[in-house]
Amino acid sequence: MDPWKVLVSWPGLIIELMVLLVSIALHRYYLSDLSDVPGPFWASITRLWHVWYILEGRQNLRLKALHEKHGHFVRIAPNEVSVSHPDASTLLLRPNLHKGGWYRVTAVPDFRFQNPMSATDPKKKIALSKHFAPGYALSQVLKSEPDIDENIGGLLCWMDMYAENQEPMNLDRFITYTTFDNIGSAFFSESFGFIKAGRDIGGTLRNNVALSKFAAAAGFFIVPLRILVNPLNSRILLLPMGQLFKTTSAAIKKRMNNADARYDMLSHWLDANKKNPDKLSLRGIEAQANVNVGAGAEPVSSAIQSFVYHMIQHPEAWLKVRTEIDAAQARGLCLDRVVSFHDAEQLPYFKACIKEALRIFSPTTMGLPRIAPKDGITIAGRHFREGTILSVSSHVVHSSKEIWGADAHEWNPERWMSGDTKELVKNWLVFSAGYNECPGRHFARMQILKTAASLVRDYDICQVDSKNVWKYQANFTALAHSWPVYVQKRGGASEKI
Ligand code: HEM
């Protein structure tokens, strides 16, 4: 038999492919410079294991369990190691290291829309971010407070109605409607109208959840996926990124024709474009708006939900915060229909509970990947060579007993109230750290503090089924759902609570 014929026959090609795959797998498992790093077998030979557990929706819990078993380092892909060491934030997040290639998926709807988050080179990312930064400043954020009050006021109206009717309320959804509308108000001087309608309009929120899941997995294959994630498919709305782009574009168009628009976040960016059109293009502004609409609402909702969900499981904390607010009211604070940001800032125990709720359940559930620089990097005596992807998960770091002590897994807001909290703050990675720290953090904090303080002050809340555990799909971020509650207005009557 002619050996060439055998080699190019179908059975021959299949065997050759198998030999190639087995050789790659053996090389990755036995001969890689990460061979000594513990982790699941499949993770060491293929990225598909990581993607599988992302799609499964429990990556944060899986990763925590793996670190508890293996220690500071867990190999989660052939070239990626998850790091839980207390130095991880200092050595990986704070220096200007390149970001992992995954971030390129955040150019939404496709590669033409580059933005600071999709830029993996720190120099490019920092240069681009400079143009957007003034829009995110606390002073700017506070200008939108009256509009945010209106949206949160809408949420409170719905709560009053549910309290009066004594019907189970999907508070999770109403909080998301509010935080989504807050993005509209702050960026485009007009809310999207979700909280007024009390429902998702045009499937926008549903689309965002689908986008979040798609992006979390697709980010690892963005180069081969270019065939799918392209301008044509953006136009025909084949993928969830196209839908998001449609929502954002419509909001920008409406805003441009709105003669009553405030000096909102978009105004800052348009000014930056006028000053430096070659550095910040109109497309760049659209790209950044897409990231904000896609990523700015859900984590805030998730954060407020984490606060309420954990606080109702600790009624003593709820009562203590309420007592703190009552005392503030006696001093003339917290008297507005929606608690002002300024007043909420004066409540130390309340703020400790917010911090603790976000430590226990941080809205970002994926590890943040950074690339080991030239000459590599050494963490806890282990050297990682240049190019290794090293990721830091807030869920993993936030549950480390080495950092938080023996009660790391328990709810304990008191940990924020005394002693040297500097070390704790360093490892509180809710908004990440360093040059990639979330630019929307001031806006997020304002919404969280105002909403949460207003809820504790005015309502008693309990789950319809006190044993029910909320559900979520852990993508890059996670949005909880399915934990209906009964709401009672403070001082009002209720039979169910
Ligand atoms: C509690 C709410 C929020 C949390 C927990 C959160 C968390 C994060 C995290 C962890 C990152 C990634 C950082 C990294 O890659 O190292 C990020 C990025 C980002 N967030 Fe937030 N975020 C929140 C709210 C917001 C809001 C309200 C906005 C919009 C106003 C926003 C806009 C952004 C943008 C634009 C980026 C990309 C930043 C860049 O790379 O330039 N976020 N956020």
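Computed from the coordinates by the stated procedures, all read-outs in this text should not be read as laboratory data. Just so you know, these numbers come straight off a predicted model, no measurement behind them. Ideal geometry is used to build each Cβ from the backbone, glycine not excepted, and the neighbour counts take in all protein chains shown.
Could you check the spin-label model distance between Leu26 and Ala406? Points 7 Å from the Cα along Cα→Cβ, value in nm.
The answer from the label model is 5.0 nm.
Show me the trypsin sites (Lys or Arg not before Pro) within region 71-160 that DSSP assigns to loop and that have at most 15 other Cβ atoms within 10 Å of their Cβ.
Arg112
May I ask for the net charge around Lys64, where only other residues with Cβ less than 15 Å from the Cβ of Lys64 are counted and Lys, Arg are +1 while Asp, Glu are -1?
Cβ neighbours under 15 Å give a net charge of +1.
Relative to the first principal axis of the alpha-carbon coordinates of the chain, what is the inclination of helix 59-70, with its axis defined by its Cα atoms, in degrees from 0 to 90 and to the nearest 10?
60 degrees
Please report, in debye to the nearest 20, how large the charge dipole of region 362-412 is about its Cα centre when each Lys and Arg carries +1 at its beta carbon and each Asp and Glu carries -1 there.
That gives region 362-412 a dipole magnitude of about 240 debye.
Over all distinct Cα pairs, what is the inverse of the mean 1/r for region 249-334, reported as the Kirkwood hydrodynamic radius in Å?
After inverting the mean inverse Cα-Cα distance, the result is 16.7 Å.
How would you classify region 17-63 from its alpha-carbon gyration tensor, with a ≥ b ≥ c the square roots of the eigenvalues: rounded for a/c under 1.5, else prolate if a/b is greater than b/c, otherwise oblate?
Oblate, because a/c is 1.5 or more while a/b does not exceed b/c.
Work from the charge dipole of the chain (Cβ charges, +1 for Lys and Arg, -1 for Asp and Glu, about the Cα centre) and give the residue of Leu97, Val300, Pro146 farthest towards its positive end.
Of Leu97, Val300, Pro146, it is Leu97.
Rounding to the nearest 10 and keeping the result within 0 to 90°, find how far the Cα-based axis of helix 265-275 lies from the longest principal axis of the chain.
Once rounded, the angle reads 60 degrees.
Over all alpha-carbon pairs of region 1-128, lay out the pair-distance distribution in 10 Å bins, whole %, shortest bin first.
Whole-percent P(r) values from 0 Å outward: 11, 27, 30, 20, 8, 3, 0.
Could you give the size of the charge dipole of region 41-489 about its Cα centre, using +1 on the Cβ of each K and R and -1 on the Cβ of each D and E, expressed in debye and rounded to the nearest 20?
Taking the Cα centre of region 41-489 as origin, the dipole is about 1740 debye.
Does anyone have the angle between helix 145-165 and the longest principal axis of the chain? Alpha-carbon axes, 0 to 90°, nearest 10?
Between the helix axis and the principal axis of the chain, the angle is about 80 degrees.
So, how do all the Cα-to-Cα distances of region 106-251 break down into 10 Å bins, in percent, from 0 on up?
Per 10 Å bin, starting at 0, the Cα pair percentages come out as 10, 30, 34, 20, 6, 1.
Trypsin sites (Lys or Arg not before Pro) within region 258-359: which are DSSP loop residues with at most 15 other Cβ atoms inside 10 Å?
Of the trypsin sites (Lys or Arg not before Pro), the ones in loops of region 258-359 whose Cβ has at most 15 other Cβ atoms within 10 Å are Lys279, Arg331, Arg337.
So how compact is region 297-351: Cα radius of gyration and Dmax in angstrom?
Over region 297-351's Cα set, Rg and Dmax evaluate to 12.0, 34 Å.
Equivalent-ellipsoid semi-axes (√(5λ), Cα gyration tensor) for region 41-489, whole Å, largest first?
Here the semi-axes work out to 32, 29, 21 Å.
Measure of size requested: the Rg and Dmax of region 143-207, with Cα atoms as the atom set and Å as the unit; please supply both.
Using the Cα atoms of region 143-207, the pair Rg, Dmax is 11.8, 36 Å.
Using alpha carbon centroids, what distance separates region 362-381 and region 422-448, in Å?
Here the answer is 17 Å between Cα centres.
With a 10 Å Cβ neighbour count serving as the proxy for reagent exposure, in which order, fewest first, do Leu17, Leu93 appear?
Leu17, Leu93
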